[in-house]
């Protein structure tokens, strides 16, 4: 089997769409292959589906719990990539989520009387720039 490059696909695509200019075909194929490469280099999975064609680039899990955790990780990555591609500006806030024990620790630090506290110890938390990614994780 010989290794194929993007140049091998130009003629096949031109046969499928003969009215499409060659310059447009080159731009479309270059953009598609570059997007596939970049998304995979970020660690994302790619799923391509057509009528009689199915392609999945990534890991498949047998255990449903492991697959769910893997899916959450990849979905967070997808959110980050989409924010970067759409050039959504950062709102200047960092977000974090607390587990139930951390919330109990926070509640126990509140004062019942007197002036309310300004500083709290949450323990170790992960900070996120994107709110959707924080709520997902």
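Ratio of segment 76-133's C-alpha Rg to 2.2 N^0.38 Å, to two decimals?
Computed over Cα atoms of segment 76-133, the ratio equals 1.54.
GNM on the chain, C-alpha springs below 10 Å: top fluctuator among 98, 127, 20?
Largest GNM mean-square fluctuation: 20.
When all C-alpha to C-alpha distances in segment 1-41 are sorted into bins of 10 Å, what percent of pairs does each bin hold, rounded to whole numbers?
Whole-percent P(r) values from 0 Å outward: 27, 49, 23, 1.
Can you give the helix-only mean residue ellipticity at 222 nm for the chain, where every DSSP H stretch with n ≥ 4 adds -39500 (n - 2.57) and the sum goes over all residues, rounded to the nearest 500 deg cm²/dmol?
-16000 deg cm²/dmol
Here are labelled values, [x] 9, 23, 25, 19, 12, 6, 4, 1; [y] 12, 45, 36, 6, 0; [z] 12, 42, 31, 11, 3, 1, and one is the computed P(r) over Cα pairs in 10 Å bins from 0, in percent for what I pasted. Which one?
For P(r) over Cα pairs in 10 Å bins from 0, in percent, the calculated option is [x].
Would you mind computing, in nm to one decimal, how far apart the modelled labels at residue 103 and residue 54 are, each placed 7 Å from Cα along Cα→Cβ?
A separation of 4.0 nm, rounded to one decimal place.
Under the definition of Cα pairs under 8 Å and six or more residues apart, what whole-number percent is the relative contact order of the chain?
18 percent
How much length is gained on full extension from residue 6 to residue 68, taking 0.36 nm per residue of separation minus their Cα-Cα distance?
Value of the extension gain: 18.9 nm.
Connecting C-alpha atoms closer than 10 Å in a GNM of the chain, tell me which of 63, 52, 100 has the biggest fluctuation.
Of 63, 52, 100, the Gaussian network model singles out 52 as fluctuating most.
Each value in this text was obtained by applying a stated rule to the coordinates, not by laboratory testing. Since the structure is predicted, the reported quantities are computational estimates derived from the model, not experimental observations. Here Cβ is always computed from backbone atoms with ideal geometry, including for glycine, and neighbour counts include all displayed protein chains.
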